[in-house]
Amino acid sequence: MTLFSYTATNSSNQIIKGSLETTDRSAVTTALAKQGLRPLSIKEANGSKLASKVPRSGGLKGGKVKMNDLVMFTRELSAMVGAGVPLLRSLSSLEEHTESPGLKKVLAVIIQDVENGTGIADALAKHPSVFDDVYVNMVRAGESAGILDDILKRLAMQQEKNATIRKKIKSAMTYPMVLVGITIIAFFGLMLFVIPRIGAIVKDLGGPDAELPMLTQIMLSISGFFVGYWFIVFPALIGAVFMLLRFIKTPKGKAMFHRLILKVPGIGVMVQKIAVARFARTFSALIGAGVAVLEALDVTAHAVGNVMYEEALTKAAEEVKNGVSLSSVVSKNPLFPAIVSQMLAVGEETGQTDTVLVKVADFYEEEVDVAIEGMSSIIEPVMILIMGSMVGLIAASVMGPISSLSTNIQG
């Protein structure tokens, strides 16, 4: 028997604190439900919360695991555990047959930890580069409640949904990024090799005293600068991009970038829908696994992938801790559409928050699909227009004086 302390709310949203001595966390949740209480936080009497039982190390070096391999591992482990195969034997079998070298290395260490008496969730927590907080906390909840196979099925489904969204975003952005690359290469190619030669021809035809149009003079000046100082320009550009990427990885830079991207027309709406879908699916999975509200909010905040939403969910957790319902907190935040707070309110009233939020996640994932298709159809002609305009501008700046000089020669 283990002593658990809990924080819960009653039907009037009043905070109730207490402790229970029972076998596991699921028994605490069941006991509170019989009393009409909704758990906000459940932790062992020694103070270790669900998400922080085991210090998380950097994992194994070189232990990269593809998402598809992780999904397959999760599904196979769920099937084997559900069929009654002992956990250690299931892990050993998967370690032996997996084709992923990274996963094989990680599983070898996990098996050793489990053999030494470590819980499966604690063993997974030592490899954060492979198993994130959401994965570990759901496994821990399933392990304590004795429904590990069901939790693993939920995890596999969630991972497949996340992987599908990532693939769609990558495929939608591939073509525009190729066009951007071609445009940049074409610009520098014209400036370094084409414009100087055409400029020399124009000057030979018109003579040193020929008066060139302003546009032509500007293009020749830019080209001359690139030709004369290319050894400064290119390192400076590469350095600027490198420093910008490093800055974006800092907490301050990431916050500024995430705040900015939410304000970009078109892209901001899509990012918002992705974040809301990820919040709804992750939070519902954790709640459905029996994780208490505060712990679920804490884990979800770090899993959404946007600093603005992370801050919003962290603040929401503080208000929920003080007895305010999550639906009312979310309704006041413009980052969350009205449907989210309304569905949350329904879930809180019926006790089916996880089921309701799955529907919200499905809805916004469909919205993301539509937004990605719309963005792809808009970006392609815009990039072609930009490329064409650039080439057209250069052509106009060069062909104008040539045409004028040809007329003067004929005259």
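Coordinate-derived values only; no laboratory data. This one's a predicted model, so the numbers in the text were calculated from it and none came from an experiment. So basically every Cβ, Gly included, is an ideal-geometry build from the backbone, and we count neighbours across all protein chains shown.
Worth a mention:
- Alpha-carbon centroid distance for the pair segment 343-361 / segment 245-265, whole angstrom: 31
- Full-stretch length increase - LYS34, ILE182 - with 0.36 nm per residue and alpha-carbon distance subtracted: 46.8 nm
- Percent of Cα-Cα distances greater than 14 Å, calculated over segment 2-48: 40
- Cut-off 18 Å, label 7 Å out along Cα→Cβ of MET256, residues of segment 295-312 by amide N: 307-308
- Remark: spin-label model distance ILE378-GLU96 equals 5.5 nm, labels positioned 7 Å along the Cα→Cβ axis.
- Here the alpha carbons of the chain define both size measures, Rg and Dmax, at 29.3, 105 Å.
- DSSP H segments from the chain that extend 27 Å or more along their own axis, Cα-based, with Kyte-Doolittle mean of 0.5 or above: 230-249, 267-288, 353-410
- Contour minus Cα-Cα distance for ASP362 and ILE232 (0.36 nm per residue): 41.7 nm
- Candidates GLY288, LEU212, VAL320 compared by Cα position along the dipole of the chain: farthest toward the positive end lies LEU212, with charges placed on Cβ.
- Computed across segment 73-214, the Kirkwood radius stands at 19.7 Å (inverse of mean 1/r, all Cα pairs).
- Peptides 335-347, 239-251 ordered by average Cβ neighbours within 10 Å, highest first: 335-347, 239-251
- Sites SER221 and LEU385, calculated FRET efficiency, Cβ-Cβ separation with R0 25 Å, nearest 0.05: 0.45
- The fraction of all Cα pairs in segment 280-366 landing in successive 10 Å bins from 0 to the largest distance is 18, 59, 22, 0, given as whole percents.
- CD proxy at 222 nm, helix term only [per DSSP H run n ≥ 4: -39500 (n - 2.57); per residue of the chain; nearest 500]: -24000 deg cm²/dmol
- Distance (nanometres) between label positions extended 7 Å along Cα→Cβ at THR350 and ALA83: 3.6
- Taking other residues whose beta carbon is less than 15 angstrom from the beta carbon of VAL304, and scoring Lys, Arg as +1 and Asp, Glu as -1, yields +2.
- The Cβ shell under 14 Å around LYS254 holds other residues with a net charge of +2, Lys and Arg each +1, Asp and Glu each -1.
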